[in-house]
Amino acid sequence: MRVYTIEEASQLVPFLERTFEGIFALNTKIKMVSRDIDNLISIWGNEIFEKSNVDNEYYKEKTKQREQLIREMASEVQKIQDMGCIVKDVDVGLVDFHYDNYGELVFLCWKFGEKEILYWHPMSQGYRNRRSVDELLAMRKRTP
C-alpha cells in the first residue's frame, strides 16, 4: 500500500486526467456495443445464439469487441492502481489515495476535472462525506 502526501497525489493529476480521458472513451464504446448486443437479444431472443441465425455472427463479433474493450479499460485502470491509487468510479473519474493523518489512514480524494487534490474523507466514509484538504491541513497545524 502506497501512502501519499497531498503534493505527491497532486503531481499525479495530469496523468490521471489523460488516463481517464481514455477510460471515458473506452467506457462509451463499451456502452454502445452493449446496447447493440442488447438490441440483438431483444429482437431475436435466444435464437441469436443459434448458428443458423442471420445475426449470429454479428452478435459474436459484437461480443468479442466488447470483451476486447473491457480488457483495454481494465488495463488503463490497472495503470492507476499500480501506482497505489484506488479507482472508485470509472464513470465520473474518482480516485482515492491513502494519506497518513498522524497515524490515522484517511483518503485523499480526486475527481476528474479537479486540477489538484482538494478533498479528503475518512476511510469508513465515501465521496459524499468528503471535506476540504484545507480543513485537514488546519487540523495538522493544531496537533503538536
Across the stretch 80-110, the tally of residues that are among the charged types (D, E, K, R), at pLDDT 95 or above and closer than 16 Å to TYR4 by Cβ stands at 3
Are any residues in the stretch 59-85 touching a residue at least 12 places away in the same chain (Cβ under 8 Å), surrounded by fewer than 19 Cβ atoms within 10 Å (Cβ to Cβ) and in a loop (DSSP other than H, G, I, E, B), and if so, which ones? MET83, GLY84
Residues being among the hydrophobic types (A, V, I, L, M, F, W, C), farther than 16 Å from GLU17 by Cβ, free of Cβ contacts under 8 Å to residues at least 24 places away in the same chain and assigned to a strand (DSSP E or B) - total across the stretch 100-135: 2
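Answer yes if at least one residue in the stretch 53-74 is under 26 Å from GLU116 (Cα atoms) and not assigned by TED's automatic domain parsing to the domain that holds GLY113, and no otherwise. If you could, list the steps in order and put the result at the bottom.
Filtering the stretch 53-74 down to residues under 26 Å from GLU116 (Cα atoms) leaves 73-74.
Imposing the further condition that a residue be not assigned by TED's automatic domain parsing to the domain that holds GLY113 reduces the set to 73-74.
For the stretch 53-74, residues under 26 Å from GLU116 (Cα atoms) and not assigned by TED's automatic domain parsing to the domain that holds GLY113: present.
Would you confirm, using the coordinates I've provided, whether PHE20 is in contact (Cβ under 8 Å) with a residue 12 or more places away in the chain and outside any helix (DSSP H, G or I)? It would help to see each step written out before you state the result.
Working: in contact (Cβ under 8 Å) with a residue 12 or more places away in the chain: yes; outside any helix (DSSP H, G or I): no.
Spelling it out, it is not the case that PHE20 is in contact (Cβ under 8 Å) with a residue 12 or more places away in the chain and outside any helix (DSSP H, G or I).
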Going through the stretch 86-99 in order, the residues found to be touching a helix residue (DSSP H, G or I) at 6+ places or on another chain (Cβ under 8 Å) and either among the aromatic types (Phe, Trp, Tyr) or in contact (Cβ under 8 Å) with a residue 40 or more places away in the chain (or both) are VAL90, ASP91, GLY93, VAL95, PHE97, TYR99
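The values are calculated or read from the model by the stated rules, or taken from the named source; none is laboratory data. Just so you know, these numbers come straight off a predicted model, no measurement behind them. All Cβ positions, glycine included, derive from the backbone under ideal geometry; neighbour counts span all protein chains shown.
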